[in-house]
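The values are calculated or read from the model by the stated rules, or taken from the named source; none is laboratory data. From a predicted model like this one, the values you see are computed outputs, not experimental measurements. Neighbour counts run over all protein chains shown; Cβ positions are idealised from the backbone, glycine included.
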Amino acid sequence: MTEESECHNDLIIDDFTESYFRLTPKTLRILKWYLQTYPASQSQSSPNFLVKTDHDVFINIPNLVAHLTSVAERTPSNYLGGRVYSNPELDLNPKSKFYFSPQFWLNSSTPMWVLKFKTHFRMGKSPLPDYVAGPCYIMSADVVHLLYQASFRTPMIIFEDAYLTGFVRNEVNLTLSHISRTRISIKLDKSRQILEDTGKLKKVLALHPAEPPELMLQAFDKSFQS
């Protein structure tokens, strides 16, 4: 990693233990890097969008560029897009890696959204806000700034997508933009089906998971077949 960084200067290296449950601080570090690299005073030369994606996601670059071009023409600001989860359910299985312990909010009294957690949970409703799936989502430049600043007043949870595009987003009253499942595929079985269908693969924007690495290469080769 040191050699890669010194050679290409394409890695963000920070001081915390690597873990799946560190996704939230890692993602916030991406936002911090963006804002430090492209300060508001240089906004004219800054990228219009930041795309957050995981290491095991295949991105069809031409389709991504086409999508961003379309978004820039329609909604160049206040854009936060991805596969939207509406009325998401909590995973209360202690053996699941997505387990969301009720003790997180039942033993707390602040802030206001924690109180809403308690109320909704006791009424049998999901306390989670709508959010976009973590493997791939897109933020316009202004949203990067809004979410990063709002994160300082929003208690952190381990699930980065629900945290950043759900709870933090609610703090700044942003509306999510849904990208269809035919454009962003995040389920293993659906992704494998798309990989076997060159026509569908050429239309996809992001495909998850694309592991092992051979699948990533296969997706790349097929998506550019004539």
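Brief remarks on what is shown
- Some residue of region 38-45 being under 18 Å from the mean Cα position of the chain (by Cα) and of a type in the set (A, V, I, L, M): no
- Residue within region 85-94 that is among the hydrophobic types (A, V, I, L, M, F, W, C) and either closer than 28 Å to F220 by Cα or touching a residue at least 40 places away in the same chain (Cβ under 8 Å) (or both) present: no
- Members of region 199-226 found to be of a type in the set (A, V, I, L, M, F, W, C), touching a helix residue (DSSP H, G or I) at 6+ places or on another chain (Cβ under 9 Å), closer than 18 Å to A66 by Cβ and surrounded by 15 or more Cβ atoms within 10 Å (Cβ to Cβ), listed by number: L201, V204, L205, A206, L207, A219
- Whichever residue in region 168-193 is surrounded by fewer than 19 Cβ atoms within 10 Å (Cβ to Cβ) and of a type in the set (G, A, S) and, among such residues, is nearest to A210 (Cα to Cα): S180
- Residue list for region 125-145, restricted to those being assigned to a helix (DSSP H, G or I) and more than 15 Å from the chain's Cα centre (by Cα): D142, H145
- Taking helices (runs of 4 or more DSSP H) as the structural unit, those lying wholly within region 165-226 and holding at least 3 residues that are at pLDDT below 85 and more than 23 Å from T27 (Cα to Cα) correspond to 188-195.
- Residue that is nearest to A206 (Cα to Cα), among those in region 91-111 that are at pLDDT below 75 and surrounded by 11 or more Cβ atoms within 10 Å (Cβ to Cβ): L92
- From the list S77, S70, the lone residue that is outside any loop (DSSP other than H, G, I, E, B) and among the small types (G, A, S) is S70.
- Test: residue in region 37-52 that is surrounded by 13 or more Cβ atoms within 10 Å (Cβ to Cβ), in contact with a strand residue (DSSP E or B) (Cβ under 8 Å, 6 or more places away or on another chain) and hydroxyl-bearing (S, T, Y): no
- Residues of region 137-167 classified as under 20 Å from P47 (Cβ atoms), aromatic (F, W, Y) and surrounded by fewer than 21 Cβ atoms within 10 Å (Cβ to Cβ), total: 1
- Taking region 146-163 as the range and being in contact with a helix residue (DSSP H, G or I) (Cβ under 6 Å, 6 or more places away or on another chain) and either in a helix (DSSP H, G or I) or free of Cβ contacts under 8 Å to residues at least 60 places away in the same chain (or both) as the test, the residues that pass are L147, Y148, A150, S151, T154, E160, Y163.
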